1. Which one of these does residue 110 not meet: (1) at pLDDT below 95; (2) surrounded by 14 or more Cβ atoms within 10 Å (Cβ to Cβ); (3) within 17 Å of the chain's Cα centre (by Cα)?
2. Identify, please: which residue in the range 31-62 is among the charged types (D, E, K, R) and modelled with pLDDT of 95 or more and is, among those, nearest to residue 171 (Cα to Cα)?
3. Take the residues in the range 63-90 that are more than 19 Å from the chain's Cα centre (by Cα) and part of a loop (DSSP other than H, G, I, E, B); name whichever of them is modelled with the lowest pLDDT.
4. If residue 43 passes every condition in (1) closer than 27 Å to residue 153 by Cβ; (2) surrounded by 18 or more Cβ atoms within 10 Å (Cβ to Cβ); (3) not aromatic (Phe, Trp, Tyr) but one, which one does it miss?
5. Can you tell me which residue is surrounded by the most Cβ atoms within 10 Å (Cβ to Cβ) among those in the range 49-81 that are acidic (Asp, Glu) and closer than 18 Å to residue 102 by Cβ?
Amino acid sequence: MKKWLAIGFLSLSLTGCGYNTLQTTDETIKSSWSEVLNQYQRRADLVPNLVNVVKGYAAHEKDILIQVTEARARVGQMQVTPELANDPQALSKFQAAQGELSSALSRLLVVAENYPQLKADGVFRDLQAQLEGTENRITVARNRYIDAVKEYNLTVRKFPSNLTAMVFGYEVKPNFTVENEKAISTPPKVDFGPAAAPAPTPAPAGSESSSSGASPLSAGY
């Protein structure tokens, strides 16, 4: 009987000291991190096809094509493990690599605006739509992860759950740092409209009257 009372008392003590909250928030972080990785991988998988389509219409834009390809390669070379999310330096490098790919893709889409035939290509339009959707999902996944880490870290720091965290070895986790939240949360703009026609060149002043061979006053009489 005493044994069961002791177990019950211990359970109540752990619950009141935040142990269950630590467990729950830690699992939320793991699932959120997995979703972040899935969405980043989805974007990386779109890059080769996107580059190939652009190359077919704008092969001489090799600088931006190389930038996108190299940025994608750096992302692929990273050793992404569950432990990466617990290492501040590794997480910072991961975020930097993904940021470089985001910037390169944005520049690629800007270049594509100069090629009406490319914009009209069905494969390119489909890849653009997939990229826009993926960027939106990345933003959602990142925000969920950021919120999950914030809740966990708050539990680790505040009293009395901080005592439970110390006993069971729970430590503060690093989080994404956002230098420009508005820029990162805004997906690349996808414009499916036709290229704008150039504005007509205004006629030189006095050309109309000179071509008629008569002055405005004489024309009326």
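1. (2)
2. 35
3. Taking the candidates together, the pick is 81.
4. (1)
5. 70
Table: residues versus (1) in contact with a Leu (Cβ under 8 Å, 6 or more places away or on another chain); (2) within 23 Å of residue 129 (Cα to Cα).
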residue	(1), (2)
49	yes, yes
58	yes, yes
65	yes, yes
68	yes, yes
71	yes, yes
90	yes, no
99	no, yes
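The values are calculated or read from the model by the stated rules, or taken from the named source; none is laboratory data. Everything quoted here is computed from the prediction, not taken from an experiment. Note that each Cβ is placed from the backbone with ideal geometry, even for glycine, and that neighbours are counted across all protein chains shown.
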